[in-house]
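In what follows, a structure is listed as structure tokens, so that the remarks can point back to it.
The values are calculated or read from the model by the stated rules, or taken from the named source; none is laboratory data. Predicted model, so just to flag it, every value in this text is computed and none were measured. Glycine gets a Cβ as well: all are built from the backbone with ideal geometry, and neighbour counts include every protein chain shown.
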Amino acid sequence: MMRRVIVVLSLMVIPFSLVPAFSQEITKTEFSDMIAKEKIREYKHVLVLGVNQPFSKGYNKYSPLFFYGWFGDDFKNKDLYMQFTMTTTRIYFIAAMKTDKIFAGVKPLLEHSTYSAWKSYNRGYNDKFREFGGNNAGAGVFFQYNWLRILSTKATFHASYHFYRLFLLASNEHKYVNMPKRHWQLKPGIELLLSDVREKSLARVKHGYLFRVEYQYARRIGYGTWYDYDRL
């Protein structure tokens, strides 16, 4: 009787072992899908032009939108990666080593007209004494390690020089913050990323999930409550 039961159970298990969902091959496939793999850029040149027009009656009527990107990912040295990007307010260049596991390199960056806060309106009129604009130029280094295809950690450090434009020849006491005309900023940061986002059509169509934890610390030399010894 016991032999018959064993034979019947064996016959019942065999069909399940032949189904892909229960076989060893699908397990290998699922595991290989989780291994980190280098992402290759779909296009080498990307250009986007446009205009931003607010519908409300504001102080700034419209602003241009511009993006150009060059992605070098097809050199003789397969681990070499370069990128040049220019947008309406930012220009940067990346030279890096890019493999399945590691993405590390340097990133010089220039941002212009990026500070447009501290506006004040008195009875509907813009108070120009509180306006300022600014730029910053600097360079950073980054190191990213891909543990899995969906899991990575990243460490960054960026040093930049910020210089501001006061639109009117007014002293700093008219501003909300007694800000200097220029200062240095040192900004280290760390990031943990869990992402399974699939991208298609110039990265415009995305679907999946993304969970990111990021911490950045900015040390501003010569700015307000940080260090005043070199205020200008």
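Okay, here's what the table says:
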quantity: Of all residues in the stretch 29-78 being exposed (fewer than 12 other Cβ atoms within 10 Å of the Cβ) and acidic (Asp, Glu), the one that is modelled with the highest pLDDT; calculated: Asp74
quantity: Matching residues, the stretch 192-232, being surrounded by 11 or more Cβ atoms within 10 Å (Cβ to Cβ) and modelled with pLDDT under 70; calculated: Leu202, Ala203, Tyr223, Gly224, Trp226, Tyr227, Asp228, Asp230, Arg231
quantity: Some residue of the stretch 100-117 being farther than 30 Å from Asp73 by Cα and either part of a strand (DSSP E or B) or modelled with pLDDT of 90 or more (or both); calculated: no
quantity: Top-ranked residue of the stretch 118-152 - restricted to ones that are of a type in the set (Phe, Trp, Tyr) and farther than 28 Å from Val197 by Cβ, ranked as modelled with the lowest pLDDT; calculated: Trp118
